[in-house]
1. At F157 and R50, where each label point lies 7 Å from the Cα along Cα→Cβ, what is the point-to-point distance in nanometres?
2. How big is the range 1-83 along each principal axis, measuring the range of its Cα positions in Å and listing the largest first?
3. How long, wide and thick is the range 2-252, going by the Cα atoms along their three principal axes, in whole angstroms, largest first?
4. Within the set of other residues whose C-beta is less than 14 Å from the C-beta of A226, count the net charge using Lys and Arg as +1 and Asp and Glu as -1.
5. How large is ³J(HN,Hα), in whole Hz, for each residue of the range 219-227 in order, when computed from phi with the Karplus curve 6.51 cos²θ - 1.76 cosθ + 1.60 and θ = phi - 60°, using x for Gly and Pro?
6. Where Lys and Arg each count +1 and Asp and Glu each count -1, what net charge lies around E47 among other residues with Cβ under 11 Å from its Cβ?
7. Can you tell me which of L215, L45, L82 moves the most in a GNM of the chain? Springs connect C-alpha atoms under 10 Å apart.
8. So how do 85-92, 51-58 stack up, highest first, on mean other-Cβ count within 10 Å?
Amino acid sequence: MAGIIRRRGSGALVIAAVICVGMAAFWTVKFHIPLVVPFYADHALAETDRMIHFGDPWRLVHSIIPPIAMQPMLIVYFPLWLLEFIGCIALAAFHPSDRLRSRYLRSFAATYAVLGTLLAAVTASVGPIFYDQFFGEGRFAELVLTLKQNPDARYHFFVAERLYAAYVSGAEDIFAGISAMPSIHVAVASLNALFLTQINRWLGLAGWAFAALTLLGSVYFGWHYAVDGYVSAAAVFFFWRLFDAPSQNKQSSGVTC
C-alpha cells in the first residue's frame with residue numbers, strides 16, 4: 001500500500017485537482033443553462049416515458065418500492081452515491097493499470113462534458129418534481145402528494161425547495177442548477193459499475209445493483225424521467241467502449257500500455 005501511494009501519490013493529486021476544477025466549471029455551466037436555453041423538453045420527455053412504459057413510470061416504481069423503503073432509498077441516492085463517486089475516483093487514481101485508469105477518467109470527463117453540459121442544454125428540462133411549478137399543469141401533483149405523505153421525505157423536499165429557490169432568486173450556492181435530462185446520478189453510477197466490473201466480478205455486481213437502485217430512486221423521487229436514466233446509461237456505455245478502442249488497437253499491434 002505504501003509503495004502504491006509513493007508511486008501514484010503525485011498523479012492522484014493532479015487527478016483530484018483537475019476534477020475539482022472540472023466540477024466547479026460543471027456547476028457553473030449547469031446553473032447558467034436556463035439563462036441560455038429555457039426549459040422546454042419536459043412535455044416530450046414525460047410523453048416518451050408514458051409511451052414506452054404504457055403509463056407513468058413513477059407509478060410502477062412506487063408500486064414496487066413500499067413507503068417504508070423511502071429512507072434507505074434516500075441514503076442510496078445521496079450519501080452513498082457521493083461515497084461511491086469519491087471512492088471510485090480514488091480507486092482509479094491509485095489503480096496500477098494505466099489503461100483502466102485512463103479509460104475511466106476519459107469516460108468520466110466525457111460524462112460531465114457531453115452529458116452534464118451539452119446534452120443538458122440541448123434537452124433543457126426540470127423533471128417531474130418541478131414540472132407543476134414550472135408549467136402549472138398538475139401533471140405530477142399526485143406524485144408530489146404521495147411523496148409528501150411520507151414523513152421521511154423531509155430531506156428530499158428540503159433539497160427540492162432549495163434548488164427551486166436558487167433558481168427563482170438566481171443565487172449561486174451548493175443547491176443550484178435544476179436539470180433532468182440527462183441523469184448524472186445514473187450516468188456516474190453506471191460508469192462506476194463498468195469500472196468495478198473490470199476490477200472484480202463481485203464488485204461489478206454490487207456496482208450494477210447500486211446503479212439499478214440509483215435509477216429507481218431517480219424516478220421514485222421525481223428527480224428524473226425514466227428515459228433520462230436510460231439515455232445516460234447508454235451514453236456512458238458508448239464512452240466506455242470508445243475510450244477502450246485505442247488500447248485495443250495498440251495491443252493488436254504488439255504495443256503494450
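1. In this crude spin-label approximation the distance works out to 2.5 nm.
2. That gives 55, 39, 21 Å along the principal axes, largest extent first.
3. Reported extents, whole Å, longest axis first: 57, 38, 34.
4. -3
5. My calculation for the range 219-227 gives 7, 4, 8, x, 5, 9, 7, 4, 5 Hz in order.
6. -1
7. Highest fluctuation of the listed residues: L82.
8. Ranking, from highest mean packing down: 85-92, 51-58.
Here, each number is a calculation from the coordinates, and none is a lab measurement. What you are looking at is a predicted structure, and each value in this text was computed from that prediction instead of being measured. With ideal geometry, Cβ positions are generated from the backbone for all residues, glycine too; neighbour counts draw on all protein chains shown.
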